[in-house]
Amino acid sequence: MPELPEVETVRRGLAPVMEGRVIAVAQVNRPDLRWPLPERMAERLTGARVIGLGRRSKYILVALSTAETLIIHLGMSGRMIIAGKTTGQFLHAAPVAAKHDHVILEMDDGTRITFNDARRFGAMDLCPSDQVERHRLLQDLGPEPLGNSLDEDYLCARLKGRNTPVKAALLDQRVVAGLGNIYVCEVLHRCGISPRRKAGRLSQRRAASLVPAIRTVLDEAILAGGSSLRDYRQADGELGYFQHAFRVYGREGQACRTPGCDGQVRRIVQSGRSTYYCPACQT
DNA sequence: ACACGACCCTGTTCGC
DNA sequence: TGCGAACAGGGTCGTG
């Protein structure tokens with residue numbers, strides 16, 4: 001489900017209810033998600049104060065007073081559901097876990113945060129806070145696209161010589177962190193670049209144009225609260241609405257939204273995933 | 001090093 | 001209406 005804008009939206013939703021608060025009770029309902037959960041996870045979380053919520057790529061980082069950081073990945077279907085007095089949901093009932101409620105954190109003010117993940121492609125791990133960047137899941141990630149570390153020279157250098165379609169290159173988290181299927185499609189459309197074009201065969205100028213497009217698309221999506229496909233929601237239960245701004249994603253057969261272009265959006269499959277693009281204006 | 005496919009798991013949607 | 005196939009936003013791993 002979640003690409004960088006969705007994860008950032010979830011982080012922003014969680015921060016006000018978690019930061020500064022103590023995890024009063026941690027309930028872990030199964031031994032694994034995608035991988036085994038850390039040893040004694042519930043004990044290590046219970047009693048810890050949340051110092052701050054960060055994000056790296058599609059990972060939420062919960063820094064704890066115990067000098068450990070809880071690393072959370074939402075996978076495809078993972079959701080963080082907040083229930084508390086401010087959300088209008090009832091807390092009177094005993095914490096009956098709904099289907100796929102795998103981890104429940106009850107904060108010291110009674111707010112409950114539930115990690116629900118039907119497909120279980122999500123992950124959680126605990127790691128010493130000073131070694132988060134060296135964690136196996138994070139160590140090979142490329143630069144954050146919204147930080148200063150992604151610049152045009154870097155991206156051109158990384159795409160140079162690559163024989164893979166630019167679509168696949170941008171999905172590669174070692175090149176740029178946080179892009180997923182949706183936003184790569186949208187970025188390529190805005191740049192007028194065909195997803196099938198070999199990464200190494202882009203002119204310097206066109207490759208460079210990807211950088212501001214990546215920033216713009218991600219910024220706009222975060223501003224819109226992410227994209228809601230299927231049942232994805234923000235942490236507060238609200239729907240994101242960036243999906244209405246999609247120019248190609250999920251729009252097979254519909255008119256291209258590039259001004260002056262009379263093309264029609266087409267769907268192809270690249271490395272097993274759907275790619276949407278306009279053959280008329282993306283070359 | 002790179003490129004590609006299989007795989008992980010469940011739920012929803014689509015076609016017959 | 002029922003049923004299987006296809007598909008879904010993630011990432012890892014093994015192969016050639």
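The values are calculated or read from the model by the stated rules, or taken from the named source; none is laboratory data. All values derive from a computational prediction rather than experimental measurement. In this analysis, Cβ positions are derived from the backbone assuming ideal geometry, glycine residues included, and neighbour counts consider all displayed protein chains.
Residues considered: A:G161, A:G110, A:G147, A:G200. Of these, the only one that is of a type in the set (G, A, S), part of a loop (DSSP other than H, G, I, E, B), within 12 Å of DNA strand B (Cβ to nearest atom) and surrounded by fewer than 21 Cβ atoms within 10 Å (Cβ to Cβ) is A:G161.
Here is the figure for region A:139-163: residues that are assigned by TED's automatic domain parsing to the domain that holds A:R201 and closer than 26 Å to A:R44 by Cβ total 0. Taken together, A:P38, A:P16 contain a single residue that is outside the structural domain of A:S227 (by TED's automatic domain parsing), surrounded by fewer than 18 Cβ atoms within 10 Å (Cβ to Cβ), away from DNA strand B (no atom under 16 Å from the Cβ) and touching a residue at least 40 places away in the same chain (Cβ under 8 Å), which is A:P38. Only one of the numbered conditions (1) in contact (Cβ under 8 Å) with a residue 12 or more places away in the chain; (2) part of a loop (DSSP other than H, G, I, E, B) is not met by A:G260, and that is (1).
A:A26 meets the conditions (1) buried (at least 18 other Cβ atoms within 10 Å of the Cβ); (2) farther than 16 Å from A:M107 by Cα in every case but one. The failed one is (2).
Here is the figure for region A:114-140: residues that are more than 15 Å from DNA strand B (Cβ to nearest atom) and either assigned to a loop (DSSP other than H, G, I, E, B) or over 21 Å from A:M80 (Cβ atoms) (or both) total 8.
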